[in-house]
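The values are calculated or read from the model by the stated rules, or taken from the named source; none is laboratory data. Worth saying up front: this structure is predicted, and the values here are computed from it rather than measured. Here Cβ is always computed from backbone atoms with ideal geometry, including for glycine, and neighbour counts include all displayed protein chains. The accessibility values were calculated without ligands, DNA or RNA, using every heavy atom of the protein model including side chains. Shrake-Rupley method; radii C 1.70, N 1.55, O 1.52, S 1.80 Å.
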Amino acid sequence: MDALLDKVTERLRSRNAIGSNKLWLAEDGTLTPWTDPYLVPGRGRKGEQLDADLRLDLLCRAFLMYSRSANTLSDRSTPAAVQARTSFADLETSQYASFPERFISPWDGLEIPLAGGKPLLLLGYGSQMNKPSKGAVDVPRPLLILSNMVRMASLLHPTPEKSDIGLPTAGHERECTRYTLDFSVEMPEHLCNCVGRNFVFSPEELDRFRTRESGYDLVRVPVVPVHAVIDGDGSQPLPVEYGFVLCQQPERWRDLGRLADQGDLPHTSYIHMSLEGDETVLGAGFTRLVGDSSFLPDGRTVAMYLRDELLNSL
């Protein structure tokens, strides 16, 4: 790991002040935000292929963000350790306690628990988690899902040529996937992390939300705050609540031609952009958790994928 980090650091330092990138890695070792609108926040141009040098630079930056994060996945954050500290009886008083685990689209009856302006805790990674967002009543916060749900880099873009992060690098056309959530057959080694945010919907906003997310089921899962898990001495009881994941059945993704197979890999710009966003919004340490608990269709974690790509390229 140390030898690879040295090569990554050397690569980024050598790229400083090349072209329009004013600085890739500061003298104090800090990764700096990009200043060129062409690059911020790590996107390519719609319909254009990602430059080969830029692809390697993004892989280096992503790996450096991951490797420098605090190792938040300690013994206290294993599924068994977290569940042992969680009082699941607290969920019995939730307004969602009587709801089915999977609330089938179009979520008939969702108005009942949301009556009177009660919030709906949505879990995800995309635009609904970014500020500003219609109906959001708090800021995004990192959570752990207490189930065998996993984040998978296995979703294909429906129209790649229209993607706002551009096309993959020439020769790397299978690097095209983005994140989705699915259930694992077995409980993974590390709990799935996500971003949670409370939303309050008026009847009109709920109708628009239904239309926008048509076809997605709302899956109810118990969640606990990441910082409650990793802070302190590991003995304190963990607060637990129900959150909802917008989830599509894998069979449905397959019917739509959007389910990746084992030969498909993550889009380089997307991986970099998501890690940089996680680190910016949620703080140091979260990128390590993301890298170790997000999976490719071939079974590797995102962290393993970044390491393998760089070992083969540097």
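Please state which one of Arg288, Arg254 is over 20 Å from Cys194 (Cβ atoms) and out of contact with any Lys or Arg (no Cβ under 7 Å at 6 or more places or on another chain).
Numbers: Arg288 fails: over 20 Å from Cys194 (Cβ atoms).
Unique residue meeting the criteria: Arg254.
Which members of the stretch 72-118 meet the condition of being assigned to a loop (DSSP other than H, G, I, E, B) and among the acidic types (Asp, Glu)? First the steps, then the outcome.
Pass one, the stretch 72-118, residues assigned to a loop (DSSP other than H, G, I, E, B): 72-74, 78, 87, 94-101, 104-110, 115-118.
If the condition is that a residue be assigned to a loop (DSSP other than H, G, I, E, B) and among the acidic types (Asp, Glu), then Glu101, Asp108 are the ones that fit.
How about the stretch 153-190: which of its residues are part of a loop (DSSP other than H, G, I, E, B), β-branched (Val, Ile, Thr) and touching a Ser or Thr at 6+ places or on another chain (Cβ under 6 Å)?
We begin by selecting, within the stretch 153-190, every residue part of a loop (DSSP other than H, G, I, E, B); these are 157-159, 163-166, 168-174, 184-190.
Of the ones still in play, those that are also β-branched (Val, Ile, Thr) are 159, 165, 169, 185.
Ile165, the sole residue that qualifies.
Would you be able to say whether some residue in the stretch 168-191 is closer than 23 Å to Ser98 by Cα and more than 16 Å from the chain's Cα centre (by Cα)?
There is no residue in the stretch 168-191 that is closer than 23 Å to Ser98 by Cα and more than 16 Å from the chain's Cα centre (by Cα).
Restricting the search to the stretch 78-109, which residues are touching a Leu at 6+ places or on another chain (Cβ under 7 Å) and on the phi < 0 side of the Ramachandran plot? Quick ask: steps written out before the conclusion?
Residues of the stretch 78-109 touching a Leu at 6+ places or on another chain (Cβ under 7 Å): 79, 82-83, 85-86, 97, 103, 107.
Scanning the stretch 78-109 gives Pro79, Val82, Gln83, Arg85, Thr86, Ala97, Phe103.
How about the stretch 31-48: which of its residues are over 11 Å from Thr268 (Cβ atoms) and either crowded, with 21+ Cβ neighbours inside 10 Å or at pLDDT 80 or above (or both)?
If the condition is that a residue be over 11 Å from Thr268 (Cβ atoms) and either crowded, with 21+ Cβ neighbours inside 10 Å or at pLDDT 80 or above (or both), then Lys46, Gly47, Glu48 are the ones that fit.
When you go through Thr78, Thr9 one by one, which is the residue that is modelled with pLDDT of 85 or more, surrounded by 14 or more Cβ atoms within 10 Å (Cβ to Cβ), closer than 30 Å to Glu189 by Cβ and of a type in the set (S, T, N, Q)? First the steps, then the outcome.
On the way: Thr78 fails: modelled with pLDDT of 85 or more.
Selected residue: Thr9, the only one of Thr78, Thr9 that is modelled with pLDDT of 85 or more, surrounded by 14 or more Cβ atoms within 10 Å (Cβ to Cβ), closer than 30 Å to Glu189 by Cβ and of a type in the set (S, T, N, Q).
Just to be sure, is Gly166 of a type outside the set (Phe, Trp, Tyr) and at positive phi? Working first, answer last.
Numbers: of a type outside the set (Phe, Trp, Tyr): yes; at positive phi: yes.
So Gly166 fits the description; yes.
For the stretch 199-314, give me every one of the helices (runs of 4 or more DSSP H) that falls completely inside it and has 1 or more residues that are under 30 Å from Glu111 (Cβ atoms).
On the way: elements: 203-212, 226-230, 250-255, 268-282, 286-293, 302-313.
Here the list reads 203-212, 250-255.
Could you figure out which of (1) at pLDDT 90 or above; (2) among the β-branched types (Val, Ile, Thr); (3) open to solvent by 40 Å² or more (accessible area, probe 1.4 Å) isn't true of Thr169?
That leaves (3) as the condition not met.
Pairs only if they're at least six apart or on different chains, beta carbon under 6 angstrom, first in the stretch 170-197 and in contact (Cβ under 8 Å) with a residue 24 or more places away in the chain and more than 15 Å from Arg300 (Cα to Cα), second part of a loop (DSSP other than H, G, I, E, B) and small (Gly, Ala, Ser); list them, first residue then second.
Note: pairs meeting the criteria are Arg174/Gly263.
Residue check: is Phe199 among the hydrophobic types (A, V, I, L, M, F, W, C), modelled with pLDDT of 90 or more and surrounded by 19 or more Cβ atoms within 10 Å (Cβ to Cβ)?
yes
For the stretch 271-307, name all the residues that are open to solvent by 40 Å² or more (accessible area, probe 1.4 Å) and at pLDDT 90 or above.
Phe295, Asp298, Gly299, Arg300, Met304, Arg307
For the stretch 134-152, indicate whether the set of residues that are assigned to a helix (DSSP H, G or I), of a type in the set (D, E, K, R) and over 13 Å from the mean Cα position of the chain (by Cα) is non-empty.
Kept after step one, since they are assigned to a helix (DSSP H, G or I), are these residues of the stretch 134-152: none.
No; the residues of the stretch 134-152 include none that is assigned to a helix (DSSP H, G or I), of a type in the set (D, E, K, R) and over 13 Å from the mean Cα position of the chain (by Cα).
Tell me yes or no: at least one residue of the stretch 128-142 is within 23 Å of Asn193 (Cβ to Cβ), β-branched (Val, Ile, Thr) and either in contact with a Ser or Thr (Cβ under 6 Å, 6 or more places away or on another chain) or at pLDDT below 90 (or both).
For the stretch 128-142, residues within 23 Å of Asn193 (Cβ to Cβ), β-branched (Val, Ile, Thr) and either in contact with a Ser or Thr (Cβ under 6 Å, 6 or more places away or on another chain) or at pLDDT below 90 (or both): present.
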